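A.B. asks: Please read through the structure below; I'll follow up with questions.
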Amino acid sequence: MFGANQSCGSEPARDGGVSVDTDVGCTAAFASRLTPTWAAHVRKILLLGGMVLLSACASHAPLPAKTPNLTLPQQLHIQRIEAEQRQDWVLVIAREGPGIRWSMMDLLGIPQARQKLIDGEWQADGLLPPNPEARELFAAILFALTPRDELRDNYPAAWQHGAQRSLPEHWEVRYSQPSSFQLNLPKGPHYLVSPLSGEMP
């Protein structure tokens, strides 16, 4: 074993002129010091990676087992209400090729979010930045618009009693009409959704 002040390298000849090579010993000493540090770093990286994956899974809004049979296209007025503040949006849902296109804009016609739902996966549509809240809103509206006779097959954990529908730990829907409803999220906000009459703004 090497002392704290001993240097690495080949020592001068000793004991009959035999050179003692201490490189191997130094390498072992460094390895014994570095290995625990690197192992700790690897453990931290794996732990952080796992936490990120778990967070992503936890925040992923549920989607139906298969795309429900919706009457499309639809134009909906969305009111987002939180802490006495209200925002108004227009949502257009339409079939496009093999998927469903979701386009949301404000009342001035400025795009807020666009997504395509294809084969049970969301895909970006256009160059708008990611909007996780809008994506969850779209998923929740899809849940609310799913025909009652398709609810159990598409959302096994869901239930509906009269004018109230719920997917526990995710969404609660209270209907006034089939396409008019209040949508509540566990931690807010809540939304009022109704068919849009008249021309698009």
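The values are calculated or read from the model by the stated rules, or taken from the named source; none is laboratory data. Here the structure is a predicted model, which is why all the values come from computation and not from measurement. FYI the Cβ positions are ideal-geometry reconstructions off the backbone, even for glycines, and counts take in every protein chain you see.
A.B. asks: What number of residues within the stretch 105-129 satisfy the criterion of being more than 24 Å from residue 65 (Cα to Cα) and either surrounded by 15 or more Cβ atoms within 10 Å (Cβ to Cβ) or within 17 Å of the chain's Cα centre (by Cα) (or both)?
C.D. replies: Our first condition is that a residue be more than 24 Å from residue 65 (Cα to Cα); within the stretch 105-129, this holds for 105-112, 126-129.
Restricting the remaining residues to those that are either surrounded by 15 or more Cβ atoms within 10 Å (Cβ to Cβ) or within 17 Å of the chain's Cα centre (by Cα) (or both) gives 105, 112, 128-129.
Matching residues across the stretch 105-129 total 4.
A.B. asks: Can you tell me which residue in the stretch 164-194 is surrounded by the most Cβ atoms within 10 Å (Cβ to Cβ), limited to those that are within 23 Å of residue 60 (Cα to Cα) and of a type in the set (Gly, Ala, Ser)?
C.D. replies: Once the filter is applied, the top-ranked residue is 166.
A.B. asks: For the stretch 151-201, how many residues are more than 26 Å from the chain's Cα centre (by Cα) and on the phi > 0 side of the Ramachandran plot?
C.D. replies: The number of residues fulfilling the criteria is 2.
A.B. asks: Right, something else. Report whether or not residue 188 is in the same structural domain as residue 135 (by TED's automatic domain parsing), more than 18 Å from residue 139 (Cβ to Cβ) and not aliphatic (A, V, I, L, M).
C.D. replies: no
A.B. asks: Being acidic (Asp, Glu), within 27 Å of residue 168 (Cα to Cα), in contact (Cβ under 8 Å) with a residue 60 or more places away in the chain and in the same structural domain as residue 189 (by TED's automatic domain parsing) is the requirement here; does residue 82 meet it?
C.D. replies: yes
A.B. asks: Condition first: touching a residue at least 60 places away in the same chain (Cβ under 8 Å) and within 22 Å of the chain's Cα centre (by Cα). Now tell me which residues in the stretch 62-77 satisfy that.
C.D. replies: 62, 63, 64, 65, 66, 68, listed by residue number.
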